[in-house]
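The values are calculated or read from the model by the stated rules, or taken from the named source; none is laboratory data. Just so it is clear, the model here is predicted, and its values are computed rather than measured. Cβ atoms come from the backbone with ideal geometry, glycine included; neighbour counts cover every protein chain shown. Ligands, DNA and RNA are stripped out before the accessible areas are found, and what is left, the full protein with its side chains, is counted by its heavy atoms. Shrake-Rupley method; radii C 1.70, N 1.55, O 1.52, S 1.80 Å.
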Amino acid sequence: MKSYGQYCGLARAAEVLGERWSLIILRDLLVGAKRFNELRQGIPGIPSNLLTTRLRELEAAEIVERSIDGRSVVYRLSEYGADLGPVLIELGRWGSRRLAAPREDEAPTDSSLAAALLTSRTEARVRPFIVEVTAGPAVAHAVVHKSGMDVAEGADPNAQLFIGGPGLRGLLADGEAESAVAAGTVTVAGDEALLPEFVRAFRAPLDDPVRPTQSGRSGHAPPSRA
């Protein structure tokens, strides 16, 4: 890892977290402990040798630890690494403000969808429920309870509410469930009476579109001076 030559906590953190793919690996481990192949499948863009390198670096930084489960090596966040949880969630929430339609080369994964549920959780008090969400090929679920929420990749046999469709991002942004369902951009199955609970429990607002300035460069117009 490259040093910034700065005696600064943020610089020290950037030395570890600023390496390519490191944050994505930590995102997936935030959702839950994983074997190497599970990480590899959840991050299809990373070469195996680079994943090995990043895991070794994160272990050396005492952010990730590994253990033996049967014949497999399992990676998880260490106690020190788990302290990054709120930071990763807030960073994901910040990034999602500009996350509108996906780019052509972007596709959700089970882990990224589960992380999206984590980052969009609100502080609203709702009655407990289990929701299963799909976005393209990705599936994740959340168990919402009074004291918080547990998320995981994949389906849940105990799910009470099922939500999917291309309008899921818009639903998280504006909470307009009825219009999205009526338009067919969001599909709902199971106990539809829980849909208002989902809307209250999960919200990920989008920023207003960035408008071009008079110079032709995109950006918000500067405030006028009195």
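Take the residues in the stretch 46-68 that are among the charged types (D, E, K, R) and touching a residue at least 12 places away in the same chain (Cβ under 8 Å), then tell me which one is nearest to E106 (Cα to Cα). So that I can check it myself, show each step before the final result.
Keep residues of the stretch 46-68 that are among the charged types (D, E, K, R), which gives 54, 56-57, 59, 62, 65-66.
After this cut, where a residue has to be touching a residue at least 12 places away in the same chain (Cβ under 8 Å) as well, the list is 54, 57, 62, 65.
Details: R54: 22, E57: 26, E62: 31, E65: 29 Å.
Step by step, filter the stretch 46-68, then rank; the result is R54.
Filter the stretch 133-152 down to residues that are open to solvent by 30 Å² or more (accessible area, probe 1.4 Å) and under 19 Å from G170 (Cβ atoms) and give me whichever is modelled with the highest pLDDT.
That would be T134.
Determine, yes or no, whether Y80 is touching a residue at least 12 places away in the same chain (Cβ under 8 Å), aromatic (F, W, Y), under 28 Å from A13 (Cα atoms) and out of contact with any helix residue (DSSP H, G or I) (no Cβ under 9 Å at 6 or more places or on another chain). Quick ask: steps written out before the conclusion?
Values: touching a residue at least 12 places away in the same chain (Cβ under 8 Å): yes; aromatic (F, W, Y): yes; under 28 Å from A13 (Cα atoms): yes; out of contact with any helix residue (DSSP H, G or I) (no Cβ under 9 Å at 6 or more places or on another chain): yes.
Judged against the criteria, Y80 is a match.
Could you check how many residues of the stretch 144-181 are without any contact (Cβ under 8 Å) to a residue 24 or more places away in the chain, under 24 Å from I43 (Cα atoms) and assigned to a strand (DSSP E or B)?
1
Of the conditions (1) at pLDDT 95 or above; (2) not in a helix (DSSP H, G or I), G216 satisfies every one except a single condition; which number is it?
(1)
Does any residue of the stretch 102-120 turn out to be among the β-branched types (V, I, T), under 20 Å from E38 (Cβ atoms) and part of a loop (DSSP other than H, G, I, E, B)? Walk me through it before giving the result.
Pass one, the stretch 102-120, residues among the β-branched types (V, I, T): 109, 119.
With the extra rule that they be under 20 Å from E38 (Cβ atoms), the set shrinks to 109.
Those left that are additionally part of a loop (DSSP other than H, G, I, E, B): 109.
The answer is yes, given that some residue of the stretch 102-120 is among the β-branched types (V, I, T), under 20 Å from E38 (Cβ atoms) and part of a loop (DSSP other than H, G, I, E, B).
Quick one: which helices (runs of 4 or more DSSP H) sit completely within the stretch 25-101 and have at least 2 residues that are among the small types (G, A, S)?
On the way: elements: 36-42, 48-60, 79-82, 85-96.
Fully inside the stretch 25-101 and qualifying: 48-60, 79-82, 85-96.
Could you run through the stretch 169-180 and say how many residues are of a type outside the set (G, A, S) and either modelled with pLDDT under 95 or open to solvent by 20 Å² or more (accessible area, probe 1.4 Å) (or both)?
Going residue by residue through the stretch 169-180, those that are of a type outside the set (G, A, S) are 169, 171-172, 174, 176, 178.
The next check asks that each one be either modelled with pLDDT under 95 or open to solvent by 20 Å² or more (accessible area, probe 1.4 Å) (or both); those that pass are 169, 174, 176, 178.
Within the stretch 169-180, residues that are of a type outside the set (G, A, S) and either modelled with pLDDT under 95 or open to solvent by 20 Å² or more (accessible area, probe 1.4 Å) (or both) number 4.
With P196, P205 as the choices, which residue is outside any helix (DSSP H, G or I) and either under 14 Å from T122 (Cβ atoms) or touching a residue at least 40 places away in the same chain (Cβ under 8 Å) (or both)?
P205
If I filter the stretch 45-58 for residues that are within 18 Å of G85 (Cβ to Cβ) and surrounded by 14 or more Cβ atoms within 10 Å (Cβ to Cβ), do I get at least one hit? Can you show your working first?
Start the filter on the stretch 45-58 by keeping residues that are within 18 Å of G85 (Cβ to Cβ), which leaves 58.
So of that shortlist, the ones also surrounded by 14 or more Cβ atoms within 10 Å (Cβ to Cβ) come out as 58.
Yes, the stretch 45-58 contains a residue that is within 18 Å of G85 (Cβ to Cβ) and surrounded by 14 or more Cβ atoms within 10 Å (Cβ to Cβ).
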